[in-house]
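Remarks on the structure that follows.
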Amino acid sequence: MARERFVEVYSQGVTNVRKVIVDTQTGVNYLLASSNMTSGCGVAVLVDADGKPLVTPMNEEDEVVLGQLLNHE
């Protein structure tokens, strides 16, 4: 089975939704935010204190990290 490109690793809220999405090819973490998921939302790259993108390691041999991402639903 092919790996999904983007996976949701965190979700908060019902009306005011915040989700963290990880790109499984690059490992870059994104924040998706919406106050009403039917009228639009915003997406931003999550960064560390130095302004560098937060990256989740995407090593194909690391079954623990990939398993946590891909089996999270």
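Here is a yes/no grid of residues against (1) open to solvent by 80 Å² or more (accessible area, probe 1.4 Å); (2) of a type in the set (Ser, Thr, Tyr); (3) at pLDDT 90 or above:
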| residue | (1), (2), (3) |
| --- | --- |
| 29 | no, no, yes |
| 32 | no, no, yes |
| 40 | no, no, no |
| 45 | no, no, yes |
| 60 | yes, no, no |
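The C-beta contact set for the stretch 22-35 (first residue closer than 14 Å to residue 53 by Cβ, second residue small (Gly, Ala, Ser) and modelled with pLDDT of 90 or more, distance under 9 angstrom, 6+ apart or interchain) comprises 30/44; 31/42; 31/44.
The values are calculated or read from the model by the stated rules, or taken from the named source; none is laboratory data. None of these values were measured; they are calculated from a predicted model. Cβ atoms come from the backbone with ideal geometry, glycine included; neighbour counts cover every protein chain shown. What goes into the accessible areas is simple: the full protein's heavy atoms, side chains included, and nothing from ligands, DNA or RNA. Shrake-Rupley method; radii C 1.70, N 1.55, O 1.52, S 1.80 Å.
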